[in-house]
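Below is one structure, written out as structure tokens; the observations come after it.
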Amino acid sequence: MKIGKSVDPDVTAPLFRVALVAFLIHQTLHAAVVFLHGDAPYFFCQYDCNWYVGIIEFGYMPEANGNAGGSRPESDVANWAFFPLFPIISGTVHWLTGIAPQVAVILSSKVLWLLAVCAFLAFQRQYLPEAPLWLGAAVLVLNPAAIYANTGYTEPLFLMIACLSLTAMRQDRPILAGMMGALLSAARAVGVGIGLTFAAYALSQVLRQSDAKAGRLLFAGMLIPLGLAAYMIFLHFHVGDAMAFSHIQRAWDRELSSPLYHLSKGLRGSPYTFIMALTALIGAALAGYLAWKGEGGLALFLLFATAIPLATGTSSLGRYVMMQPAFLLAVVMLMHDHRLLRALLVPSALSYLWMSYAWQESLFFVI
Amino acid sequence: MRGRSLCSLSYKLRNWLNGWSALALGLLAGYGGVIYLAAHPNVTDAYRAYYIDRTSSLSPVMREAQIDVLPAITIGQTYVHDAPELLLDGWDTPETMHTWTLGSHAQIILALPASLPPQTQELTLTLRGMYLTGAQRIIVHMEPSVARSDVIDRTYRDGEDLVVTFQSISGTKRIITLSLELPDAMLPRNGDPRVLAFALQSVEVAQTDH
């Protein structure tokens with residue numbers, strides 16, 4: 001386990017420049033697709049974005065009757081599956097600026113995306129300092145799941161916080177890592193899985209250094225589920241069910257089962273479920289690659305973040321897996337070690353353009 | 001010697017418990033509380049059955065909406081399994097002659113007429129079951145609790161009807177929910193993937209003389 005690498009303060013400025021250029025390329029490509037498509041607006045809020053808008057406008061629903069946002073009014077759905085950190089941030093943007101909630105949600109995800117690109121490059125610099133920053137930036141902004149930076153989804157926020165937490169671990173700042181972990185678990189349920197990486201980090205600290213502050217590490221690790229716990233307490237008093245965020249999955253026909261069952265079902269299903277299941281397999285393979293490269297903690301987090309959503313089905317699995325910092329870092333590692341693989345950036349960029357088009361067309365698989 | 005080691009242990013424990021560790025233990029205790037809340041949801045039966053136990057196919061909202069428009073039955077009339085007067089939850093789609101229960105829980109909801117005389121009623125379910133093991137156990141619970149005995153727990157053999165005797169309900173709350181627990185529900189061993197117990201053929205509510 002690699003720990004405690006130092007950070008060169010002189011690298012901050014180029015890191016931000018690379019991040020900004022990558023962000024601008026990403027935004028230009030999306031704007032070009034929107035312009036050429038012509039029919040749908042630039043700030044096009046649909047699917048999950050509408051759920052976040054509903055949370056900003058009406059708050060969390062006291063009962064599941066489909067009346068607060070979303071596309072299934074008067075049904076058995078509720079917005080409890082959408083974790084609070086992103087709507088809190090975008091709601092604050094709406095409240096401070098007075099812009100429409102739909103625009104506030106998408107604008108927040110775009111700004112968070114710029115910060116996420118910076119955070120990812122800082123994370124890459126800690127875990128793979130020998131790889132060029134442009135490579136990491138290209139892998140991040142030219143991948144099909146990068147569409148979710150433009151759609152008012154929680155992916156940019158999740159990626160940013162996860163990168164900050166992992167970077168803090170590598171810099172041996174456990175309290176900061178734990179605090180970021182707490183925010184991560186308030187952004188999405190699988191965020192709590194970063195505790196696995198933290199446990200691997202803490203264990204390596206205790207084994208390597210006899211004077212490691214075990215109490216401090218323990219406290220920092222205990223901070224990670226705090227966001228999830230706070231949301232569960234809220235749900236218990238608001239809905240009567242602390243696990244409502246999980247139980248409401250019934251409304252989307254998501255059934256908790258073995259990840260292997262859903263994997264095999266996905267591989268034998270439609271082209272969409274096949275691609276999603278394939279993404280999960282690639283995620284698992286990359287976790288193995290990370291473990292082989294000595295990054296066992298990252299591998300555990302990637303496996304967790306792949307297996308937990310897979311346990312409820314293959315729907316939307318692509319963005320859950322491909323927007324994981326460990327997944328993206330493993331791709332950067334592979335492309336750094338095998339230069340020929342960099343050619344994959346071209347089909348990857350094309351698939352990002354295709355996903356941008358699919359979003360404007362409201363095709364089902366972008367949900 | 002023993003006193004010294006106890007002293008040392010106590011020193012170590014105090015040392016370990018102060019500062020960060022004490023805070024970590026505080027958080028751990030808090031998480032214990034959250035797990036307790038998660039294990040004790042404060043929700044309606046309909047919510048629990050649909051979202052938590054997944055034994056119901058009707059969400060609380062759908063259930064309420066369907067109960068609102070449920071036509072009242074007529075005493076003495078027999079209703080076939082797919083009659084609009086019967087709201088079935090936990091049952092398969094109706095077949096020509098009957099409707100099968102799916103899994104080990106099923107409910108029948110019906111609305112009694114508003115002007116029901118204050119007499120004892122008999123609710124009779126005509127069931128045909130899977131009797132691969134000779135007989136099947138069935139546990140019946142009626143809500144509101146107006147049945148002669150709160151829970152009926154007995155074993156049925158093929159050809160037997162299920163009869164529940166209950167007192168008439170006065171007032172406006174006329175909805176009766178009959179919950180069936182079917183612990184012997186099983187796969188039919190003929191390639192049918194459904195977990196089956198009983199097939200409902202008809203329901204009748206009639207007045208009794210006793």
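Every number here is computed from the coordinates shown, using simple stated rules; none is lab data. Keep in mind it's a predicted model, so treat the numbers as computed, not measured. Virtual Cβ from ideal backbone geometry, glycine too; neighbours counted across all protein chains shown.
Taking only C-alpha pairs under 8 Å that are 6+ residues apart, what is the relative contact order of chain A in percent? Working shown, then result.
Numbers: 589 pairs, mean separation 73.2, N = 367.
Relative contact order here is 20 percent.
What's the extension gain from A:W95 to A:F365 if we count 0.36 nm per residue and subtract their Cα-Cα distance?
My answer for the length gained is 94.0 nm.
Along each of its three principal axes, how wide is the spread of alpha-carbon positions in the stretch A:9-366, in whole angstrom units, largest first?
So the three principal-axis extents are 59, 48, 48 Å.
For the protein assembly as shown, with only Lys/Arg (+1) and Asp/Glu (-1) charged at the beta-carbon, what is the dipole magnitude about the Cα centre, in debye rounded to 20?
Dipole of the protein assembly as shown, to the nearest 20 debye: 3000 debye.
Go through the cysteines of chain A and tell me which have no other cysteine Cβ under 4.7 Å away.
Result for chain A is A:C118, A:C163, no neighbouring Cys Cβ within the cutoff.
Note the full-extension length gain between A:A230 and A:H37 as 0.36 nm times their separation in residues minus their Cα-Cα distance, in nm to one decimal.
Taking 0.36 nm per residue and subtracting the Cα distance, the gain is 65.2 nm.
I need the calculated FRET efficiency for the pair A:F58 and A:F274, taking r as the beta carbon distance and R₀ as 35 Å, to the nearest 0.05.
The computed FRET efficiency comes out at 0.40.
Using only DSSP helix segments of four residues or longer, with each worth -39500 (n - 2.57), what per-residue ellipticity at 222 nm results for the protein assembly as shown after dividing by its residue count and rounding to 500?
Counting only the DSSP helices, I get -16000 deg cm²/dmol.
Using θ = phi - 60° and the Karplus form 6.51 cos²θ - 1.76 cosθ + 1.60, what ³J(HN,Hα) does each residue of the stretch A:319-325 get, whole Hz, x for Gly and Pro?
Listing the rounded values in order: 6, 4, 8, 6, 9, 8, x Hz.
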